[in-house]
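Student: Attaching a single structure in structure tokens format; questions to follow.
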Amino acid sequence: MIRGIRGATTVNSNDADEIVAATKEMIETMAAKNEVDPETIASVIISVTPDLNATFPAKALRLIDGWKYVPVMCMPEINVPGSLPKCIRVMMTVNTPKSQKEIEHVYVNDAIKLRPDLIEEQE
């Protein structure tokens, strides 16, 4: 079955190293919590808020062993007034036997504000 795994994190500044490090940590957590092997990933889509343009967060995937051939794309997030700033969001599409309810979405740093309902379920 194909499932989507969501993830989101925030950074403190528009700094290339910080963006890549935060993205890498989030992606690795998403993969670990959901027992994802890179061979089972169809694609990864990463969006960033307009205040983050120092680098492509997709660079983070190239730093993870075995992820060289995972298709990844970056794009801007919709600039909604009052939305969470300095936010990196991920949609990882994977082949997995897990049900929708078994998928563990990952929201860290200030991004926990985006889906507190999912965070509470996992505690």
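Student: Show that you can apply the helix-only estimate: for the chain, add -39,500 (n - 2.57) for every DSSP H stretch of four or more residues, divide by all residues, and state [θ] at 222 nm to the nearest 500.
Tutor: Values: 2 runs with 25 residues, N = 123.
Here the helix-only value at 222 nm equals -6500 deg cm²/dmol.
Student: Continuing with this model, one more query. With an 8 Å Cα cut-off and a minimum separation of 6 or more residues, compute the relative contact order for region 22-107 in percent.
Tutor: Numbers: 111 pairs, mean separation 37.2, N = 86.
About 43 percent, as a whole number.
Student: Oh, and also: Among Ile78, Ile112, Ile64, which one shows the biggest mean-square fluctuation in a GNM of the chain, springs joining Cα atoms closer than 10 Å?
Tutor: Ile78
Student: Using a 10 angstrom Cβ neighbour count of at most 16 plus a DSSP loop assignment to flag exposed trypsin sites (Lys or Arg not before Pro), which longest range of the chain is free of such sites? Intermediate values should be presented prior to the final figure.
Tutor: Values: sites that count: Lys68, Lys98.
Longest site-free region, per DSSP loop and neighbour criteria: 1-67.
Student: Now a separate question. Kindly list the residues of region 47-61 that lie in the label zone of Val108, defined by a backbone N under 20 Å from the point 7 Å along the Cα-to-C-beta vector.
Tutor: Flagged as within label range: 47-49, 52-61.
Student: Let me confirm the definition first: pairs of Lys residues in region 2-122, 8 or more apart or on different chains, C-alpha distance under 19 Å. How many are there?
Tutor: Pairs that pass both the separation and distance tests number 9.
Student: Same structure again: So which residue, out of Thr49, Thr29, Thr40, gets the largest mean-square fluctuation from a GNM of the chain using Cα contacts under 10 Å as springs?
Tutor: Checking each option, the largest mean-square fluctuation is seen for Thr40.
Student: Moving on. Say we join alpha carbon atoms closer than 10 Å with springs in a Gaussian network model of the chain; which of Met30, Met91, Met75 then has the biggest fluctuation?
Tutor: Sorting by GNM fluctuation, first place goes to Met75.
Student: Hey, can you grab everything whose amide H is under 5 Å from the amide H of Cys87? Only 5+ residues off in sequence or another chain; H modelled, so Pro and N-termini drop out.
Tutor: Placed amide hydrogens put Thr49 under 5 Å from Cys87.
Bear in mind that the values in this text are calculations on the coordinates, not laboratory data. These numbers were taken from a predicted model, which means no experiment stands behind them. Note that we place each Cβ from the backbone using ideal geometry, even for glycine, and neighbour counts take in every protein chain shown.
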